[in-house]
1. Is there any pair linking a residue in the stretch 74-85 that is over 19 Å from residue 113 (Cα atoms) and in contact (Cβ under 8 Å) with a residue 60 or more places away in the chain to one that is among the aliphatic types (A, V, I, L, M) and assigned to a strand (DSSP E or B), with Cβ under 8 Å and at least six apart or on different chains, and which?
2. Just to verify a result, which residue in the stretch 1-26, among those that are touching a helix residue (DSSP H, G or I) at 6+ places or on another chain (Cβ under 8 Å) and either free of Cβ contacts under 8 Å to residues at least 12 places away in the same chain or of a type in the set (Phe, Trp, Tyr) (or both), is farthest from residue 101 (Cα to Cα)?
3. So residue 117 clears everything in (1) under 16 Å from residue 82 (Cβ atoms); (2) without any contact (Cβ under 8 Å) to a residue 12 or more places away in the chain except one condition, right? Which one?
4. Looking only at the stretch 128-148, how many residues end up being in a strand (DSSP E or B), farther than 23 Å from residue 50 by Cα and not aromatic (Phe, Trp, Tyr)?
5. Name the single residue that is nearest to residue 66 (Cα to Cα) among those in the stretch 90-126 being of a type in the set (Gly, Ala, Ser) and surrounded by fewer than 18 Cβ atoms within 10 Å (Cβ to Cβ).
6. Filtering the stretch 5-44 down to residues that are among the small types (Gly, Ala, Ser) and within 25 Å of residue 106 (Cβ to Cβ), which residue is surrounded by the fewest Cβ atoms within 10 Å (Cβ to Cβ)?
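Only the coordinates and a few stated rules stand behind these numbers; no lab work does. The structure presented is a predicted model; accordingly, all values stated were derived computationally and were not measured. FYI the Cβ positions are ideal-geometry reconstructions off the backbone, even for glycines, and counts take in every protein chain you see.
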Amino acid sequence: MITHGRAWKYGDAINTDVIFPGKYTYTLTDPNEWRKHALEDLDPAFAAEAKAGDAIVAGRNWGCGSSREQAVGALKYAGVQVIIARSFARIYFRNAVNQGVLPVVCAEAVDAIQPGETVEVDLDAHAIRCAAGTFEFPPLSPTIMRILEAGGLIPMLRKRFGVEHLPMPEIKGGE
């Protein structure tokens with residue numbers, strides 16, 4: 001898997017409320033609406049200008065804060081396919097994988113990549129290419145690779161079990 005896109009570069013400790021404002025958490029249920037509010041308080045131009053294939057380049061602890069999945073979904077529906085960071089909040093990393101957005105940890109690339117430049121991420125070669133050179137990153141586990149290759153956890157499970165829709169368990173209350 002190889003992605004190409006423009007780099008959107010941000011700093012350290014960008015939390016989920018900055019990525020997707022909490023005030024929309026329970027009012028917007030359509031992921032196509034989430035994209036319009038991605039990073040709106042940090043970078044008002046992002047939602048209008050982001051294109052398919054673009055990459056987020058970030059500092060330490062990207063996605064800290066709540067475990068809200070909309071903070072990944074907003075970026076995914078805005079076109080982001082990869083997030084390159086010095087480090088990720090643990091839950092955000094897993095939410096990214098589950099939604100089919102590639103999370104890459106590579107501090108050297110973060111230092112080298114300039115805002116707006118084209119970035120190429122080659123998942124099979126474990127390499128990030130930018131104007132300053134090529135930077136290797138550690139390979140992801142086979143399990144994470146299967147999820148990403150399928151486009152996320154739900155698509156992987158649908159394929160694995162040969163079903164179009166996964167049944168939801170019946171929840172009984174008050175017993």
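1. Listed by first residue and then by second, the contacts come to nothing, as the list is empty.
2. Filtering the stretch 1-26 for residues that are touching a helix residue (DSSP H, G or I) at 6+ places or on another chain (Cβ under 8 Å) and either free of Cβ contacts under 8 Å to residues at least 12 places away in the same chain or of a type in the set (Phe, Trp, Tyr) (or both), the one farthest from residue 101 (Cα to Cα) comes out as 24.
3. All conditions are met except number (2).
4. The qualifying residues number 3.
5. Going residue by residue through the stretch 90-126, those that are of a type in the set (Gly, Ala, Ser) are 96, 100, 107, 109, 112, 116, 125.
When the remaining residues are screened for being surrounded by fewer than 18 Cβ atoms within 10 Å (Cβ to Cβ), the result is 107, 116, 125.
Details: 107: 24, 116: 28, 125: 32 Å.
So the residue we want is 107.
6. Selected residue: 11.
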